[in-house]
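Colleague: Handing you this structure, nothing more for now.
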Amino acid sequence: MNNLDLAGIEMIAPSRITKTGIAYLQIGSGDSLLLLHGGGGSWTHWIRNIGVLAESRTVYALDLPGFGQSRDVPSDISMDAYVTTLMSAALETCGTDAALDIVGFSFGGFVAAGVAAALGNRARRLSMIGPAGFEPPVGRVLGRRRPKDVERINRPDNAEALRELHRHN
């Protein structure tokens with residue numbers, strides 16, 4: 001398992017799918033580590049970290065629901081339902097008794113907080129890297145920047161093209 005090369009990891013892209021349609025990569029051995037990527041991406045957000053982490057951990061890198069190779073979700077899905085889908089996937093992939101360390105990046109950080117809360121004591125550690133979706137601290141002024149104009153973003157015009165973009169982001 002030492003010195004896994006990145007090309008080898010790309011070749012073993014998520015081939016496992018949970019009962020709820022969540023694609024994931026499982027590699028390594030040791031304590032369970034669940035990786036949740038950011039929005040607009042896939043498990044490949046972790047591509048440069050997986051090899052090193054897998055030297056001492058069992059790494060589960062999921063494609064979030066609606067991203068990468070995972071099944072789509074309704075556009076009006078509630079955050080509670082989204083977290084429940086991920087929690088079910090985490091329990092199925094990592095086992096129902098294992099303690100989990102969870103790391104989430106950006107949107108994955110926001111979702112990881114919900115998954116950790118839902119798992120309770122099963123979530124041993126939670127790391128959120130640049131989590132999205134949280135209110136700014138009280139009393140802190142961040143400026144009056146407007147959200148990006150959605151029309152200016154160069155996005156694919158169909159769902160399959162957008163999914164392909166997410167696979168390679």
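Colleague: Which is open to solvent by 10 Å² or more (accessible area, probe 1.4 Å), touching a strand residue (DSSP E or B) at 6+ places or on another chain (Cβ under 6 Å) and more than 14 Å from Ala23 (Cα to Cα), of Ala112, Ala116, Ala54, Ala132?
Modeller: Numbers: Ala112 fails: open to solvent by 10 Å² or more (accessible area, probe 1.4 Å); Ala54 fails: open to solvent by 10 Å² or more (accessible area, probe 1.4 Å); Ala132 fails: touching a strand residue (DSSP E or B) at 6+ places or on another chain (Cβ under 6 Å).
Going through Ala112, Ala116, Ala54, Ala132 in turn, the sole match is Ala116.
Colleague: Looking only at region 19-33, count how many residues are among the hydroxyl-bearing types (Ser, Thr, Tyr), more than 7 Å from Tyr60 (Cβ to Cβ) and touching a helix residue (DSSP H, G or I) at 6+ places or on another chain (Cβ under 6 Å). Explain how you work it out, then say what you get.
Modeller: Initial filter on region 19-33 (among the hydroxyl-bearing types (Ser, Thr, Tyr)): 20, 24, 29, 32.
Pick out the ones that are also more than 7 Å from Tyr60 (Cβ to Cβ) and you get 20, 29.
Checking the rest, the ones that are also touching a helix residue (DSSP H, G or I) at 6+ places or on another chain (Cβ under 6 Å) come to 20.
The qualifying residues number 1.
Colleague: For region 80-88, indicate whether the set of residues that are closer than 21 Å to Gln26 by Cβ and surrounded by fewer than 18 Cβ atoms within 10 Å (Cβ to Cβ) is non-empty.
Modeller: yes
Colleague: When the residues of region 57-75 are narrowed to those that are charged (D, E, K, R) and surrounded by fewer than 24 Cβ atoms within 10 Å (Cβ to Cβ), which ends up modelled with the highest pLDDT?
Modeller: The first filter runs over region 57-75 and keeps only residues charged (D, E, K, R), leaving 57, 63, 71-72.
Narrowing the set further to residues that are surrounded by fewer than 24 Cβ atoms within 10 Å (Cβ to Cβ) leaves 57, 71-72.
Details: Arg57: 94, Arg71: 90, Asp72: 90.
Only one residue tops the list, namely Arg57.
Colleague: While we're on this one: Does Gly38 satisfy the criteria of being under 30 Å from Ala161 (Cβ atoms) and at pLDDT 90 or above? Show your work before the answer.
Modeller: On the way: under 30 Å from Ala161 (Cβ atoms): yes; at pLDDT 90 or above: yes.
Answer is yes for this residue.
Colleague: Here are the criteria: (1) on the phi > 0 side of the Ramachandran plot; (2) touching an Asp or Glu at 6+ places or on another chain (Cβ under 6 Å); (3) open to solvent by less than 10 Å² (accessible area, probe 1.4 Å). Tell me which single one Ser42 does not satisfy.
Modeller: With (1) on the phi > 0 side of the Ramachandran plot; (2) touching an Asp or Glu at 6+ places or on another chain (Cβ under 6 Å); (3) open to solvent by less than 10 Å² (accessible area, probe 1.4 Å) applied to Ser42, the lone miss is (1).
Colleague: To continue, here is another question. Can you find a residue that is under 19 Å from Ser42 (Cβ atoms), at pLDDT 85 or above and not in a loop (DSSP other than H, G, I, E, B) anywhere in region 155-166? Give the steps one after another, and end with the answer.
Modeller: Filtering region 155-166 for residues under 19 Å from Ser42 (Cβ atoms) gives 155-156, 158-166.
Keeping just the survivors that are at pLDDT 85 or above gives none.
No.
Colleague: Another question, then. Here's a check for you: in region 86-120, which residue that is at pLDDT below 90 and polar (S, T, N, Q) is farthest from Thr58 (Cα to Cα)?
Modeller: Per the criteria, the residue is Ser88.
Colleague: Quick check, is Gly104 open to solvent by less than 30 Å² (accessible area, probe 1.4 Å) and more than 26 Å from Ser29 (Cβ to Cβ)? First the steps, then the outcome.
Modeller: Numbers: open to solvent by less than 30 Å² (accessible area, probe 1.4 Å): yes; more than 26 Å from Ser29 (Cβ to Cβ): no.
When the stated conditions are applied, Gly104 does not pass them.
Colleague: Let me ask another. Which numbered condition in (1) assigned to a loop (DSSP other than H, G, I, E, B); (2) modelled with pLDDT under 85 is the only one that Pro131 fails?
Modeller: Answer for Pro131: the failing condition is (2).
Colleague: Please go through region 29-71 and pick out each residue that is in contact (Cβ under 8 Å) with a residue 60 or more places away in the chain, out of contact with any Ser or Thr (no Cβ under 7 Å at 6 or more places or on another chain) and more than 18 Å from Arg124 (Cβ to Cβ).
Modeller: His37, Gly40, Gly41, Ser42, Thr44, His45, Gln69
The values are calculated or read from the model by the stated rules, or taken from the named source; none is laboratory data. Computed from a predicted structure; not experimentally measured. So basically every Cβ, Gly included, is an ideal-geometry build from the backbone, and we count neighbours across all protein chains shown. All accessible areas refer to the heavy atoms of the entire protein, side chains included, with ligands and DNA or RNA removed. Shrake-Rupley method; radii C 1.70, N 1.55, O 1.52, S 1.80 Å.
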